[in-house]
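One structure is given here, and the rest of the page talks about it.
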Amino acid sequence: MKVTRTRSILLICMGAIGYWYYHDAKPKIWGDEPDEPYITIFGKKPIDANIDAWAIWGASGSQCGAKTWSADSGWSDGANVKWHITHDFSNDPSQYELRIPFQQYQDSLDCEVILGDITVQAYNAFDTVGFAQLRIYQSGTDYNDKPIDLNSTIQARKCEPFYSPKYDRWTNGFGCFYYVNGERKSKEQEFNAETVYFNFSQFSSDTVIHYDIVAGEEYRSTPLDPQTGK
């Protein structure tokens, strides 16, 4: 009995390891081949900034062989898959173009893998933690998660360090004002992410999500001096 139980746990572990290996081994540059469907996230950016995205997928289903371990609840069916999108297809340094896979598929462990959310973020030598984060989620029917139009324009404007009266110092990262279709969503410059909702079922290979990241007057491209903090 003990041997059988040990073997079962071992098989589950091997299945989970195989699942993560399978997805980690996928090509990192998606959209290079003509038969690879993708949505595009495109917009303006500061010349020195790099933009990347994380696409989070959920794997589940009655026959799904993937398992997730949690210290609180132990093993559970299904898993989340994180896909780091780093390749910029734009040849213009003042713009970026990311290509994100979006279609549901069935993997080698009989899991139905569905796109859950996308996070876009910018980095430069001054703000290496990341700024102008945009979180893209599947819409719902509640008042606060209804979908915006696919042709919407989203912007993070005036991204820059700014003086904080509360702490009597300049910030060591960039805050931004967020806008959606010209309407300002931020009361003040903020470091927190803006969240938008789209109906993912409307996604196609022609879908372009327009997200501009615009530098403010105090934007800087050089890191802080470790001696002076300036």
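Nothing in this text is a laboratory measurement; each read-out follows from the coordinates by a stated rule. Keep in mind the model is a prediction, meaning the values are calculated, not measured. Positions of Cβ are generated from backbone atoms using ideal geometry, with glycine treated the same way; all protein chains shown enter the neighbour counts.
Roughly what would the spin-label model give for residue 35 and residue 117, points 7 Å off Cα along C-beta, in nm?
3.4 nm
Work out the FRET efficiency for residue 103 and residue 180 from their Cβ-Cβ distance, taking R0 = 22 Å, and round it to the nearest 0.05.
Efficiency at R0 = 22 Å is approximately 0.25.
Between residue 50 and residue 222, what is 0.36 nm times their sequence separation minus the Cα-Cα distance? Round to one decimal in nm.
60.5 nm
Could you give the length gained on full extension between residue 152 and residue 84, defined as 0.36 nm per residue of separation minus the Cα-Cα distance, in nm?
22.1 nm
Please list, ordered by chain and number, the residues whose modelled amide H lies under 5 Å from the amide H of residue 207; skip anything fewer than 5 residues away on the same chain.
Amide H neighbours of residue 207: 40.
Using 0.36 nm times the number of residues separating residue 139 and residue 92, minus their current alpha carbon distance, what extension gain do you get?
Difference between extended and current length: 13.7 nm.
For the range 147-188, with the dipole built from +1 on Lys and Arg beta-carbon atoms and -1 on Asp and Glu ones, taken about the Cα centre, which of 176, 161, 147 lies farthest toward the positive end?
161
So what are the ³J(HN,Hα) numbers for the range 192-202, from phi and the Karplus equation (6.51, -1.76, 1.60; θ = phi - 60°), rounded to whole Hz, Gly and Pro as x?
Calculated HN-Hα couplings, in order: 5, 6, 8, 10, 10, 10, 10, 7, 4, 5, 8 Hz.
Between residue 166 and residue 201, what is the label-point separation in nm under the 7 Å Cα-to-beta-carbon projection?
4.1 nm
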